[in-house]
Amino acid sequence: MPIARDGWPYILVPAILVAICFYFRWTWAGAALLVVTAFMVNFFRDPERKIPDDPGVIVSPGDGKVVQILDVPERNPFGPGTRQISIFLSVFDVHVNRAPMAGTVQEVWYNPGKFLAAWNHKASLDNEQNRATIEQGGFRIAFTQIAGAIARRIVFTKKVGDRVERGERVGMIKFGSRVDIFLPADVIIAVKVGDRVQGGSSIIGRRP
């Protein structure tokens, strides 16, 4: 199983402690740390995904459950008419984030904030977050990585001016979190509240 590079320190430390505990026959401690190690391996898994070929589609930036679709969200990056799709990532979901479409990173905006539970819709406004805007041929979208009550580390590996491809890995949020994506009003939304999506492979919208 492929593992995200950022996850190895979280996996190796408890794994080493497991070996030490079993060496000294501290069985219960070793068993507990083995569970922790298995959780970390599962959390930081980074499976390959089949990226749609259609250049007109927009894919999910993360794995999880669609919990909100807003027509006119507050503090949206593009003004009136923008629509927002919010995806909740539990600790059991893949937390590697992917580019929703191909294009150039036009803006990266980081805002420190609170650590409300990621399923709380106020998290989109109040929590620590990192927003990236991608543009291609005058068409722009943005997506925001949002920390949750457990997540304390947002990773974004791209910078302004970088070229990204649809479905390309661009970062991750460590532990429970949320991803919001902002789409122009003329994008045809392809998901509904309650849908499960996968980063890089699930189509969430189509350009007109």
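The values are calculated or read from the model by the stated rules, or taken from the named source; none is laboratory data. Keep in mind it's a predicted model, so treat the numbers as computed, not measured. Reconstructed Cβ throughout: ideal geometry from the backbone, glycine too, with neighbour counts over all protein chains shown.
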Restricted to the stretch 155-169 and to residues being part of a loop (DSSP other than H, G, I, E, B) and of a type outside the set (Val, Ile, Thr), the residue farthest from ARG98 (Cα to Cα) is GLY161
From the option list PRO77, PRO100, single residue qualifying as touching a strand residue (DSSP E or B) at 6+ places or on another chain (Cβ under 6 Å), of a type outside the set (Ser, Thr, Tyr), at pLDDT below 80 and on the phi < 0 side of the Ramachandran plot is PRO77
Expected output for the stretch 33-54 (first residue on the phi < 0 side of the Ramachandran plot and of a type in the set (S, T, N, Q), partner surrounded by 16 or more Cβ atoms within 10 Å (Cβ to Cβ) and assigned to a helix (DSSP H, G or I), Cβ below 9 Å, 6+ apart or cross-chain) is THR37/ILE11; THR37/PRO14; THR37/ALA15; THR37/LEU17; THR37/VAL18
Would you be able to say whether some residue in the stretch 1-22 is modelled with pLDDT of 90 or more and part of a loop (DSSP other than H, G, I, E, B)? no
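If you check SER177, SER201, which single one turns out to be of a type in the set (Ser, Thr, Tyr) and either over 21 Å from GLN129 (Cβ atoms) or surrounded by fewer than 17 Cβ atoms within 10 Å (Cβ to Cβ) (or both)?
Just one listed residue meets the conditions, SER201.
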When restricted to SER60, SER90, the only residue surrounded by fewer than 20 Cβ atoms within 10 Å (Cβ to Cβ) and out of contact with any His (no Cβ under 9 Å at 6 or more places or on another chain) is SER90
